Amino acid sequence: MKNLLIALVLFPLIALASEGGYRLDRSPHDEHDLVSLQAGARTYMNYCLGCHGMQYMRYDGLKHLGLNEAQIRDNLMFTAEKVGEPIKIAVNPKEAKAWFGTAPPDLSVVARSRGADWLYTYLRTFYRDEKTVTGWNNAVFPNVAMPHVLWTLQGTRRLEVSAKEGHGPVQYRWSEVAKGAQTPAEYDATVRDLVNFLVYVSEPSGAERRSIGIVVLFVLGVLFIFAYLLKKDYWKDVK
C-alpha cells in the first residue's frame, strides 16, 4: 500500500519528465502578455501550421489576443476562407505520415498534455544527427520523427552525451555547427512566445478562470469569517 501511494504521488512528476532523461527548463511564458501571444501566433502560423493543425481552435479565437478580424485574415489565416473556421492543417495527413513515419499531432491541447516546460525545452534541444531519417534528433524526445523546423532561427548544433564513471549522472555537451538568424537569447524569446501561444490555445479561458478563482476564494474567506462569528453568537449561551 505504501509503495502504491508513493507511485500515485510521483507519477504526475514522472509523466512531466523528458523521455530522454534531459532535465526540463522552466518555461518563462506569461498568458497576460498580449505582445508575446501575438508573436507566438505569428511563429506558429509561419513555421508549424504546415504540419500541425489546431482542430479545437478557430481563427476568430485570436481576437482575444488583441487582434481584429482584418489583421487575422491578412496576416495569420492561411488555411481557411472564413474567420469562424478551425485552424486546419495545410498538408495532407496521409502524406505527412508517409514522409515522417507518423502523422503530426494536433496542437490544440499539447500544452496541457505535455506541459509548458516540456515544450519550451523540447523546442530548444534539437541537434544534427545523420543517423535519423530527417537528419535531426532531440535531447528531450530521442528519435523524434519531427525535423527542426526552426533551425534557420536557432542555427545548427551537435550534442555529445556521456556518463561519468560509476554510473554517474549523464552529461550533455552542446557545440555550435552553424549560427542561425537569431542569437541564443532571441531564439529563447521566440520559443517562449510560441509556447505562450500554445498554452493559451490549450485553454483560452485559463487566465480568466484562475483570476475568477482567486476572487471566489477571497469572497469565501470573508464569508467564513462572518459565518464563524454568527456561529459563536448562536452558541454563546450553550454550555
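The values are calculated or read from the model by the stated rules, or taken from the named source; none is laboratory data. None of these values were measured; they are calculated from a predicted model. In this analysis, Cβ positions are derived from the backbone assuming ideal geometry, glycine residues included, and neighbour counts consider all displayed protein chains. Remember, those area values only see protein heavy atoms, side chains included, never the ligands or the DNA or RNA. Shrake-Rupley method; radii C 1.70, N 1.55, O 1.52, S 1.80 Å.
Tell me the per residue accessible area of the chain using a 1.4 Å probe; a whole number in Å² is fine. Don't skip to the answer; put the middle values down first.
Working: 15370 Å² over 239 residues.
That works out to 64 Å² per residue.
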In order through region 22-36: 3J(HN,Hα) via Karplus (6.51 cos²θ - 1.76 cosθ + 1.60), integer Hz, x for Gly, Pro:
6, 5, 7, 8, 6, 6, x, 5, 9, 5, 8, 8, 5, 4, 5
Cross-link pairs beyond the 24 Å C-alpha cut-off, checked among LYS97/LYS131; LYS88/LYS179; LYS63/LYS179
LYS88/LYS179; LYS63/LYS179
When the C-alpha atoms of region 45-156 are aligned to their principal axes, what extent does each axis show, in angstrom, from largest down?
45, 30, 27
If you wrap a convex hull around the Cα atoms of region 91-175, how much volume per residue is inside, in Å³?
127
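Is the shape of the chain rounded, prolate or oblate, going by the alpha carbon gyration tensor and its root eigenvalues a ≥ b ≥ c, with a/c under 1.5 for rounded and a/b larger than b/c for prolate? The partial results should precede the final answer.
On the way: a/c = 2.39, a/b = 1.40, b/c = 1.70.
Oblate shape, in that a/c is at least 1.5 and b/c is the bigger or equal ratio.
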Residue-averaged [θ]222 nm for the chain, counting only DSSP H segments that reach four residues, each worth -39500 (n - 2.57)
-13500 deg cm²/dmol
Compute the orientation-averaged projected area for region 112-239 from the convex hull of its Cα atoms and round it to one decimal in nm².
15.3
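Which of the peptides 148-156, 221-229 is most tightly packed, and how do the rest follow, going by the mean number of other Cβ atoms within 10 Å of each residue? Present the calculation step by step, with values, prior to reporting the outcome.
Numbers: 148-156: 18.6, 221-229: 9.7.
Ranked by mean Cβ neighbours within 10 Å, highest first: 148-156, 221-229.
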Magnitude of the Cβ-charge dipole (Lys and Arg +1, Asp and Glu -1) of region 49-95 about the Cα centre, nearest 20 debye, reported as 100
Order of 39-52, 130-143, 173-186 by packing, highest average Cβ count within 10 Å first?
39-52, 130-143, 173-186
Region 87-129: translational diffusion in µm²/s, Stokes-Einstein, Kirkwood Rh over Cα pairs, 4 °C, 1.567 mPa s:
106
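Please compute the length gained on full extension between THR132 and GLU81, using 0.36 nm multiplied by the number of residues separating them and subtracting their Cα-Cα distance.
Working it through step by step, the gained length comes to 14.6 nm.
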Taking the Cα atoms only, what angle lies between the long axis of helix 206-234 and the longest principal axis of the chain, rounded to 10 degrees?
20
What is the angle, in °, between the Cα long axis of helix 2-16 and the longest principal axis of the Cα atoms in the chain? Nearest 10 is fine, range 0 to 90.
50
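Is the C-alpha gyration tensor of region 18-64 telling us rounded, prolate or oblate? Criteria: a/c under 1.5 is rounded; beyond that, a/b larger than b/c is prolate, otherwise oblate. Walk me through the numbers before you get to the answer.
Numbers: a/c = 2.34, a/b = 1.42, b/c = 1.64.
Here region 18-64 falls in the oblate category.
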Helix 184-202 versus the longest principal axis of the chain: what is the Cα-based angle in degrees, 0 to 90, to the nearest 10?
50
